[in-house]
Amino acid sequence: MAVKKEKKVLTETQKERRKERIDTLKSMIFPCILLGIIAIGIAVIVNFQNKPAEEEIIPVRAYSGDESAIVLENDALTFTMDPTTTQFEVNVKSSGRTWYSNPQGIDEDPIALAEEKKRLKSTLLMSYAVVNGLETNFNNYAYSAENGTYEITASDDEVRVDYSIGEVEKEYVIPPVMTVDAYEEWQSKLNRDGAHLVEQYYKKYDLNKLGKKDNADELIANYPIIQDGPIYALRDNTKENNKARMQEYFAEAGYTYEDYLEDKELTSGESSSDKPVFNVSMIYKLDGDDLVVEIPMGDIEYKSDTPIYTLTVLPFFGAGGSEDEGYMLVPEGGGSIINFNNGKVSQSNYYANVYGWDLGISREAVIHNTRAYFGAFGISNGSDSFVCSLDEGSAYASVQADISGKVNSYNCVNAVYSMCSREKYDVSALTATDVYEYLWELPDETISQRYSFVDSDSYVDMAKDYGDNLKAKYGDYLSADGSDSVPAAIEIVGSIDKVKQIVGVPVSRPLKLTSYNEAASIVSDLSDSGISNMHVKISGWMNGGVNQQLIKKIRTISDLGSKKDLKNMVAQCQDAGADVYLNGYTLYAFDSNIFDGFFSYRDAARLISKERAQLYQYSHVTYAAREYADPYWLLHASLSQKMADNLVKETDSYGSGVSFEDIGMDLAADYYRKNFTTRQMALHNQSDELKKLCDEGKPVMINMGNDYAVPYADMVVNTDLRGSEYTICDATVPFWELAMHGLVNYAGESINICGNAEEELLDSVAYGAGLQFTFMQASPFVTQKTLYPEYYGANFDSWRDKAIEMYTRYNNELGHTFNQEMTGYENLTDTLCVTEYADGTRVYVNYAYEDADADGVTVPARDYLTVR
């Protein structure tokens, strides 16, 4: 009979203890899982850190061609390159003039030192930088051409030169040493001629069977692998041409640069790739009457710890010597002249950023903003000249020029391109050494310069040639303007912001300067007084005023009137014959927060350092950022595009045109790695947006007028007519205006608030510009204790009669010229100039404080005189 097992009965105490053990085990589950994850993470990190970094291989080129000249030719030009130096010349068939890539007679230069002479012999200058910001300069003569570390590929259409620039000896991709097995394997792969050549120039060495002249210790030092068995080594006296021939044979047999690096490890010699090496290609083409030079940025190779920082293309093309007569034309204002050998050797060289500073890169201080709104420069030497247009890559360019007598005897002008831009980290608490972050990779874009040759020494003819190139590029977008009156740009300021006390709290609120109805009255009054061809810009009409908040949602300002009032104002202005443009910012966010739809961590563009692009105004006294003032933000490129669309859509609802305060003037990259927008991409985005609006018939007004934006604009305001007039410059000329007059409406700064109304009027007359005025209805005293002192002179009642008088006289005397080509300009003296138009009208402008005589007429002091 089976015995029934008695069931164990747990006491209450035992039950509680069992429950406690189970609860303890449960509580340990999550910590154990977490510790496991941490352990796995640590293991992954350790393994990753211990994994050796893959060596970056920069292949070094070697020239293997002969010394025969390389020629490109068409009906207009003959391009001839010396393959031993890669220097070239261009013969212009229409004039017989020959232009040289480099000055002639460099070795006889009495000023230039040895290193400078090598620089003068270069067709490409570059610099690279390291993490602490230290820059090193290379040139492609001393660091490539002289060593033969380049390759030339020529076809009927182009010549391509691939440079390996750096402190490397001339290398050939052939085995420096081989084991017996490797030697026999390659011999079997080579063709008969190659195998015979290799047999001739490789010598077998065996430590057990050395010749009388062989030194065992030396062989072991040079080729440690010989201790493992016999080897074949390249003979020391092998000539360059034979190395080049063997390189071709080995390449045909499948020998690669990676094989070469492996074979180099069998020697004890230092690898040339240990030092910085940069592979850069230059492509030359003939396009009709023009020489085109390209650099594919996507083909540039460099090591990540030595990023390429700048490139200067053809730095000395057409350079004038100390005995030559001529000048350099630079894009300062509408254009400036620097005479050859002007003796200003104590002055700094000329330098200007094309389209200004990239606001996607921070600055600690701003002493002076250098900017050019068109990418072109030129040289006139003797009876001939050329104009170089920056076709592609202009967003990265700066134009620089210098005279003879400083470090060499030549006058030169060129474009230098910023490659891997950088951002400085603030690590002052950790180290006294600066630390920089560089652009992580170059975009797959192209730098392109177009050299157009002119059979004249006149900057007028140079400007006409430049204008012809623009018309060919933009077609009907640059067509003759049918207006026969002076364009009048009228800015009316609706509101500004001012801090007010609300319940004891300081709050920024819009301050009315001109209501919508008052703006309509101002325009009607001006129209009734004879001012025609008006382009009216309404500023500060929405989202807080002039210091505009983000326009994700556009809100009109109630103090100025209702939306209906705004729409009526637009209609009334149009009835008075004026084009109306509602103005706004689309690249920036001012005084904006989450309630305006702006969140800086999401919406702000990024710097290279990954920080948000927070921008500041800069002090005119200390030059440092005004960090105590409200900063503003640069927007993500994608968001900027949406803001532009929002602004356009809103203006459509009122039946007006659109005025962009920033597009067409400011240009910035967005270094957000998830959606990187280069500065050149930003240029094309702006150009495409303006082109689309132009195609739709939308009236567009822009500021400053960068060259890529002008063809699509109906009115360009705040054009920098004369520039900064740097001391190294000898004269200002309307180069851009000579090219564009009669095709585009443009005006300088607002005459009544620019600081010197008389000077601005004279500049406008001399440069064929329209007139701009800025008005408000409010008293000037309203702007006291605000951040807008510039509007103190904008009161309409104070300036009404003067503005009408200025415009009426200007329009009566010169209104008929605004649909004509500007055909001539001459600086008769330092203070007297004359401008000529297609119908023969001439206008003399006298900047002096006393009357001046010229061509049989007397021009009153600080005035202009029209002769028809």
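The values are calculated or read from the model by the stated rules, or taken from the named source; none is laboratory data. The shown structure was predicted, so the numbers you read here are calculated from the model rather than taken from an experiment. When we count neighbours, we look across all protein chains shown, and the Cβ atoms used for this are built from the backbone with ideal geometry, even at glycine. Just so you know, the surface numbers come from the protein's heavy atoms only, side chains and all, with ligands and any DNA or RNA stripped out. Shrake-Rupley method; radii C 1.70, N 1.55, O 1.52, S 1.80 Å.
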For this session: Would you calculate the separation in nanometres between label points at Asp217 and Glu258, each defined as 7 Å from the Cα along the Cα-to-beta-carbon direction?
Result: 4.0 nm
Seminar exercise, completed: Whole-Hz Karplus couplings 3J(HN,Hα) for the stretch 809-816, θ = phi - 60° and coefficients 6.51, -1.76, 1.60, Gly and Pro as x, run 5, 4, 5, 5, 8, 10, x, 5
Exercise. What number, in nm² with one decimal, is the all-direction average of the projected area of the convex hull of the alpha-carbon atoms of the stretch 124-183?
Worked result: 7.3 nm²
For this session: Straight distance only, please: which lysines reach the Cα of Lys674 with their own Cα at less than 17 Å, same-chain residues fewer than 8 apart left out?
Result: Lys610
Exercise. Suppose R0 equals 56 Å; then what is the FRET efficiency for Ala838 and Arg612 from their Cβ-Cβ distance, rounded to the nearest 0.05?
Worked result: 0.60
Seminar exercise, completed: The set of residues whose placed amide H lies less than 5 Å from the amide H of Thr823, leaving out same-chain residues fewer than 5 positions away, is Glu836, Tyr837, Ala838
Exercise. Given that compact globular proteins tend to follow 2.2 N^0.38 Å, what is the ratio of the alpha-carbon Rg of the stretch 387-483 to that value?
Worked result: 1.63
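Given the stretch 374-444, report the % of alpha carbon pairs whose separation exceeds 15 Å. Walk me through the numbers on the way to the answer.
Details: 1735 of 2485 pairs.
When every Cα pair of the stretch 374-444 is considered, 70 percent fall beyond 15 Å.
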Problem set entry | the stretch 256-321-the stretch 838-868 distance, computed between alpha-carbon centres (Å) | 55 Å
Exercise. Among the lysines, which have Cα under 19 Å from the Cα of Lys464 when same-chain residues fewer than 8 positions away are ignored?
Worked result: Lys473
Exercise. In whole angstrom, how far apart do the alpha carbon centroids of the stretch 336-353 and the stretch 544-591 sit?
Worked result: 44 Å
Exercise. So what is the 222 nm mean residue ellipticity for the chain from helices alone, if each DSSP H run of at least 4 adds -39500 (n - 2.57) and you divide by all residues, rounding to the nearest 500 deg cm²/dmol?
Worked result: -7500 deg cm²/dmol
Problem set entry | Square roots of five times the Cα gyration tensor eigenvalues for the chain, Å | 59, 47, 21
Exercise. Which percent of Cα-Cα pairs in the stretch 299-436 sits in each 10 Å bin, short to long?
Worked result: 11, 35, 31, 18, 5, 1, 0
Exercise. Taking 1 over the mean of 1/r across every pair of different Cα atoms in the stretch 85-213, what Kirkwood radius in Å do you get?
Worked result: 19.4 Å
Problem set entry | Beta bridges by DSSP in the stretch 576-704, antiparallel share as percent, to the nearest 5 | 55 percent
Problem set entry | P(r) histogram, all alpha-carbon pairs of the stretch 630-756 included - 5 Å bins from 0, percent | 2, 9, 17, 19, 18, 15, 11, 6, 2, 0, 0
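Considering only protein heavy atoms and a 1.4 Å probe, what is the carbon-and-sulfur percentage of the accessible area of the stretch 184-336? Spell out each step's value before the answer.
Working: 3000 of 7440 Å².
Percent of accessible area from carbon and sulfur atoms in the stretch 184-336: 40.
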Seminar exercise, completed: For the stretch 809-851, whose charge dipole is built from +1 on Lys and Arg Cβ atoms and -1 on Asp and Glu Cβ atoms, the candidate among Leu828, Asn811, Ala838 with its Cα farthest towards the positive end is Asn811
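If each residue of separation counts as 0.36 nm, what is the full-extension length gain between Phe781 and Asp652 once their alpha-carbon separation is subtracted?
That pair, Phe781 and Asp652, stretches by 43.0 nm at full extension.
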Seminar exercise, completed: So, for the Cα atoms of the stretch 498-593, Rg and Dmax in Å stand at 15.1, 49
Exercise. So who's got an amide H within less than 5 Å of the one on Ser508, skipping anything under 5 residues away but keeping other chains? H placed 1.01 Å off N, in plane.
Worked result: Lys500
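I need the chymotrypsin sites (Phe, Trp or Tyr not before Pro) found in the stretch 567-640, filtered to DSSP loop residues with at most 14 other beta carbons within 10 Å of theirs. All intermediate terms of the calculation are to be shown ahead of the outcome.
Details: sites: Tyr581, Tyr585, Tyr588, Phe590, Phe595, Phe598, Phe599, Tyr601, Tyr616, Tyr618, Tyr623, Tyr628, Tyr632, Trp633; in loops: Tyr585, Phe598, Phe599, Tyr616, Tyr623, Tyr628.
Answer in residue order: Phe599, Tyr623, Tyr628.
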Problem set entry | For the stretch 621-669, radius of gyration divided by Kirkwood radius, i.e. Rg to Rh on alpha-carbons | 1.12
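Given Lys344/Lys537; Lys512/Lys698; Lys118/Lys471; Lys121/Lys239, which pairs have Cα atoms separated by over 32 Å? Provide the component values of the computation, followed by the final result.
Working: Lys344/Lys537 43 Å; Lys512/Lys698 28 Å; Lys118/Lys471 39 Å; Lys121/Lys239 26 Å.
Among Lys344/Lys537; Lys512/Lys698; Lys118/Lys471; Lys121/Lys239, the Cα-Cα distance tops 32 Å for Lys344/Lys537; Lys118/Lys471.
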For this session: Give the carbon-plus-sulfur fraction of the accessible surface of the stretch 394-453 in %, rounded to a whole number; probe 1.4 Å, heavy atoms of protein chains only.
Result: 45 percent
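Tell me the trypsin sites (Lys or Arg not before Pro) within the stretch 680-788 that lie in a loop according to DSSP and have at most 10 other beta-carbon atoms within 10 Å.
Numbers: sites: Lys691, Lys692, Arg722, Lys785; in loops: Arg722, Lys785.
Filter output for the stretch 680-788: Lys785.
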For this session: Could you grab the Rg to Rh ratio for the stretch 444-532? Cα atoms only, Kirkwood for Rh.
Result: 1.27
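Counting alpha carbon pairs within less than 8 Å and at least 6 residues apart, what relative contact order, in whole percent, applies to the chain?
Values: 1833 pairs, mean separation 89.8, N = 868.
This gives 10 percent for the chain.
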Exercise. What full-extension length gain, to one decimal in nm, is calculated for Asn349 and Ser458 as 0.36 nm per residue of separation minus the Cα-Cα distance?
Worked result: 36.9 nm
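Please list Ile551, Ile502 in order of solvent-accessible area, largest first, computed with a 1.4 Å probe with all protein chains present. Please list the in-between numbers first.
Working: Ile551 0, Ile502 70 Å².
The residues order as Ile502, Ile551, largest area first.
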Exercise. Taking the Cα centre of the chain as the origin and placing charges on Cβ (Lys, Arg +1; Asp, Glu -1), which of Tyr746, Leu639, Gly697 is farthest toward the positive end of the dipole?
Worked result: Leu639
For this session: Work out how far the C-alpha atoms of the stretch 684-837 reach from end to end along every principal axis, then list the three figures in whole Å, largest first.
Result: 45, 44, 37
Exercise. Calculated FRET efficiency, Asp157 and Thr829, Cβ-Cβ r, R0 51 Å, to nearest 0.05?
Worked result: 0.55
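Between Thr622 and Lys473, what is the FRET efficiency for a Förster distance of 45 Å, r being their Cβ-Cβ separation, to the nearest 0.05?
Working: r = 43 Å, r/R0 = 0.96.
Working from the Cβ atoms, E equals 0.55.
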Seminar exercise, completed: The alpha-carbon center of the stretch 640-695 and that of the stretch 184-205 are separated, in whole Å, by 63 Å
Exercise. Rolling a 1.4 angstrom probe over the protein heavy atoms, how many square angstrom per residue are accessible across the stretch 219-317?
Worked result: 42 Å²
